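Colleague: The following block contains the structure, expressed as structure tokens.
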């Protein structure tokens with residue numbers, strides 16, 4: 001590996017930079033960070049968060065001394081229910097998890113010098129306790145170990161994220177990418193080419209800071225629609241409720257979440273059809289499309305044009321009730337996508353409207369009768385997409 005991009009050693013009071021996540025208690029004692037688990041069933045973790053950790057090779061080195069009351073192992077966790085490594089009080093590696101390299105040395109003082117290297121695909125690093133392979137457990141409430149120091153270094157991960165050829169990667173078009181990729185797709189960073197659309201400049205910049213560490217990734221500072229033009233964005237009190245459509249306050253006033261949709265300002269944004277960007281070779285053909293654009297889903301799909309024919313799956317937020325003025329509802333979207341060879345495969349209620357069936361996440365897959373025309377590569381991609389989405393592929 002080349003030189004570290006980020007390097008920091010936490011000792012003494014700076015160990016408190018690591019925040020308790022889930023169930024655990026900590027204290028500084030004699031310059032070390034003493035970790036005690038809880039008797040409640042949960043994860044028992046300390047967490048460090050920052051954009052410098054995501055899509056990087058991370059090396060974490062910890063000087064650990066187990067306490068006489070210890071009943072658990074030292075544990076490194078990756079967001080998405082992935083184990084990185086687990087080491088017991090004797091220094092034995094119980095689980096190598098997704099780590100790429102582990103070394104454990106015992107010092108004369110009884111300290112274990114533990115160093116673990118792994119590919120990190122989330123902006124957090126988590127360490128703590130695991131009960132013999134069970135990271136979720138009910139503990140004893142006693143001291144488990146003391147951390148004398150923690151050193152974290154990060155390195156460029158381009159080589160590790162480039163092992164799959166561009167043509168074999170899943171092209172993920174994320175429309176309305178505020179906040180970045182969903183965790184389920186972040187964990188597949190080595191298998192995807194993400195193309196993210198976010199018209200708000202500050203939000204696009206925040207996503208671009210980390211996303212473009214993935215080879216081929218692109219953040220487009222435009223909104224997708226059915227017509228290329230300038231349009232008014234209604235910026236809502238809650239940024240993720242902002243829309244190119246005006247909120248339907250006559251309906252929203254009946255819900256506790258309603259005030260979050262109030263327009264606090266408007267700004268002009270550039271809208272474009274996806275197929276027009278494709279024609280000028282600015283974006284690739286999509287394999288998977290995720291849409292979260294607050295009432296403009298139908299128009300985004302129209303703007304994809306005939307590229308929908310080659311797409312394999314679509315996940316979008318949709319509504320049974322028009323919470324934005326003039327928006328198309330779920331029935332319109334089902335009909336449009338059926339004509340392009342898709343079927344509604346899964347739908348789940350979003351519990352934002354006081355229990356009423358208003359907003360839903362909907363998943364569309366290519367219909368069974370269309371599978372015969374897919375290439376073997378496309379079938380492999382569809383199978384991989386189904387795995388990420390946790391939906392059973394066709395029998």
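Here, each number is a calculation from the coordinates, and none is a lab measurement. Predicted model, so just to flag it, every value in this text is computed and none were measured. Heads up, the Cβs are rebuilt from the backbone with ideal geometry, glycines too, and the neighbour counts pull from every protein chain shown.
Colleague: For residue 100 and residue 306, compute 0.36 nm times the residue count separating them, minus their Cα-Cα distance, and round to one decimal in nm.
Modeller: Contour length minus the Cα-Cα distance gives 69.9 nm.
Colleague: Follow-up question, since we're still on this one. Just to compare against my own numbers: the Cα pair-distance distribution for region 85-189, 5 Å bins, whole % per bin, please.
Modeller: 2, 8, 16, 18, 17, 13, 10, 7, 5, 2, 1, 0
Colleague: Now a separate question. Using r as the Cβ-Cβ distance of residue 107 and residue 132, and R0 as 25 Å, what FRET efficiency do you calculate, to the nearest 0.05?
Modeller: 0.55
Colleague: Suppose R0 equals 41 Å; then what is the FRET efficiency for residue 240 and residue 52 from their Cβ-Cβ distance, rounded to the nearest 0.05?
Modeller: 0.95
Colleague: I want to check the label-to-label distance for residue 212 and residue 379. Put each point 7 Å from Cα in the C-beta direction and report it in nm to one decimal.
Modeller: 3.9 nm
Colleague: What residue among 240, 275, 13 shows peak mean-square fluctuation when the chain is described by a Gaussian network model with Cα springs under 10 Å?
Modeller: 13
Colleague: Related question: Return, ordered by residue number, the residues of region 307-327 whose backbone nitrogen is under 20 Å from a label point located 7 Å along Cα→Cβ of residue 257.
Modeller: Residues 315-327 qualify, since their backbone N sits under 20 Å from the label point.
Colleague: If you don't mind, there's one more thing I want to ask. Compute the acute angle (0 to 90°) between the alpha-carbon long axis of helix 376-389 and the principal axis of greatest extent of the alpha-carbon atoms of the chain; round to the nearest 10°.
Modeller: It is inclined by approximately 70 degrees.
Colleague: On to the next question. As a check on your grasp of the helix formula, calculate [θ] at 222 nm for the chain: sum -39500 (n - 2.57) over DSSP H runs of n ≥ 4, divide by the residue count, round to the nearest 500.
Modeller: Per the formula, -4000 deg cm²/dmol.
Colleague: Given springs between every Cα pair under 10 Å in a Gaussian network model of the chain, which of 284, 68, 199 has the largest fluctuation?
Modeller: Evaluated over the chain, the most mobile residue of the options is 68.
Colleague: Given contacts defined as C-alpha pairs under 8 Å and at least six residues apart, what's the relative contact order of region 6-156, whole-number percent?
Modeller: Computed value for region 6-156: 38 percent relative contact order.
Colleague: Turning to a different aspect of this structure: Between region 156-211 and region 242-304, how far is it from one alpha carbon centroid to the other, in angstrom?
Modeller: With region 156-211 and region 242-304 each reduced to a Cα centre, they are spaced 19 Å.
Colleague: Dividing the convex hull volume of the alpha carbon atoms of region 13-92 by its residue count, what do you get in Å³ per residue?
Modeller: Each residue corresponds to 121 Å³ of Cα convex hull volume.
Colleague: Can you give the angle from 0 to 90° between the axis of helix 330-339 and the longest principal axis of the chain, with both taken from C-alpha atoms, to the nearest 10?
Modeller: 80 degrees
Colleague: Report, in whole Å, the centroid distance computed from the Cα atoms of region 1-59 and region 333-387.
Modeller: 39 Å
Colleague: While we're on this one: Provide the gained length on full extension for the span residue 162 to residue 140, in nm with one decimal, where the gain is 0.36 nm per separating residue minus the Cα-Cα distance.
Modeller: My answer for the length gained is 3.5 nm.
Colleague: What FRET efficiency comes out for the pair residue 115/residue 370, r = Cβ-Cβ distance, R0 = 35 Å, nearest 0.05?
Modeller: E(calc), rounded to 0.05, equals 0.10.
Colleague: At a 10 angstrom cut-off on C-beta neighbours, averaged per residue, how do the peptides 351-358, 142-149, 369-376 rank from highest to lowest?
Modeller: So the peptides 351-358, 142-149, 369-376, ranked by packing, come out 142-149, 351-358, 369-376.
Colleague: For the chain, state what percent of all Cα-Cα pairs lands in each successive 10 Å bin, counting from 0 Å until the bin that includes the largest distance.
Modeller: Histogramming the chain at 10 Å steps yields 5, 20, 25, 22, 18, 9, 1, 0 percent.
Colleague: For region 160-389, compute Rg over Rh where Rg is the Cα radius of gyration and Rh is the Kirkwood radius from the inverse mean 1/r over Cα pairs.
Modeller: The Rg/Rh ratio comes out at 0.95.
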